[in-house]
Amino acid sequence: MIAIVDYGMGNLRSVNKAFERVGFQALVTQDPGEVKKASGLVVPGVGAFKKAMENLQEIGLIDPIVDFIESGKPFLGICLGLQLLFSGSEEFGFQRGLGIFQGRVVRFPFSDPAEVKLKKSLKVPHMGWNALHIHKRPPALKGIEEGTYFYFVHSYFPVPEDREIVATTTDYGEEFVSSVCRGNLFACQFHPEKSQAAGLKILQNFGRMVYR
């Protein structure tokens, strides 16, 4: 079973429907027991980092998610679900994350008015289609070509201390990390469920990892 974690901040229906389109049933759940039983786990999310961590704590999902990741079973993080994996975020002051990876989540530097003046065509949030530069090709990226475009909506991005986990980067005023991987874990800043055929390919690859 693929479990999609509902902590009140994800576009859950879109993710669930996208899995159905590629032939995999998924369960949307807040139940820690279902998370523990799952064969594959998806943590999507949009919104504020601090609120997300508060919601996960309140529902009792932090330990089950961390335990699941450490078990080595297939895990997919999407957008905020990527950012939460890191030590913490600078959004609204430092907020502690799940700590799976060392590193911080930072805002695009040209969100400062002086920087915006220098890069007038760039706006925050970074919203729309942008290309991936592939550094590693984990199973989730099987069949995804260099330069393929995916859909992004975000103002923050992770800066990993360990560059070995970087799967892809993307250019938006500067190069930022757009996905990471380790073992059966893959997490991306872009939204596969909104990225048409290429995004569905990633979800299909993930489903095959779960049910191989």
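Readers should treat all values here as calculations from the given coordinates under stated rules, not as data from a laboratory. Note that the structure is a prediction, hence the values are computed from the model and not measured. Note: ideal-geometry Cβ built from the backbone for every residue, glycine included; neighbour counts use all protein chains shown.
Using R₀ = 22 Å, calculate the FRET efficiency as 1/(1 + (r/R₀)^6) where r is the Cβ-Cβ separation of Ala197 and Val46; round to 0.05. Don't jump to the answer; show the numbers that get you there.
Numbers: r = 22 Å, r/R0 = 1.01.
Result of the calculation: an efficiency of 0.50.
Karplus couplings for region 147-155 from phi (6.51 cos²θ - 1.76 cosθ + 1.60, θ = phi - 60°), rounded to Hz, Gly and Pro as x?
After applying 6.51 cos²θ - 1.76 cosθ + 1.60, I find x, 5, 8, 10, 9, 10, 8, 6, 10 Hz.
Which of rounded, prolate or oblate describes region 164-212 when judged by the alpha-carbon gyration tensor and an a/c cut-off of 1.5? Write out the running numbers ahead of the final one.
Values: a/c = 3.68, a/b = 1.40, b/c = 2.62.
Here region 164-212 falls in the oblate category.
Could you tell me the ratio Rg/Rh of region 1-122? Both radii from Cα atoms, Rh via Kirkwood. Could the numbers behind the result be given before it?
On the way: Rg = 16.0 Å, Rh = 15.4 Å.
For region 1-122, the value is 1.04.
For the chain, what does the helix formula give at 222 nm: sum of -39500 (n - 2.57) over DSSP H segments with n ≥ 4, over the residue count, nearest 500 deg cm²/dmol?
Details: 7 runs with 62 residues, N = 212.
Calculated from helices alone, the mean residue ellipticity at 222 nm is -8000 deg cm²/dmol.
Scan [x] 10.6; [y] 14.5; [z] 12.9 for the value of mean projected area of the Cα convex hull in nm² calculated from this model and give just the label.
Only one listed value fits the structure, namely [x].
How long is the gain from Val159 to His135 if the chain were fully straight, where each residue apart is worth 0.36 nm and the alpha carbon distance is subtracted? Spell out each step's value before the answer.
Details: separation 24, 0.36 × 24 = 8.64 nm, distance 1.53 nm.
Using 0.36 nm per residue and subtracting the Cα-Cα distance, I get 7.1 nm.
Using a simple spin-label model with points 7 Å from Cα along the Cα→Cβ vector, what separation in nm is obtained for Glu90 and Asp67?
Reported label-point gap for Glu90 and Asp67 is 3.5 nm.
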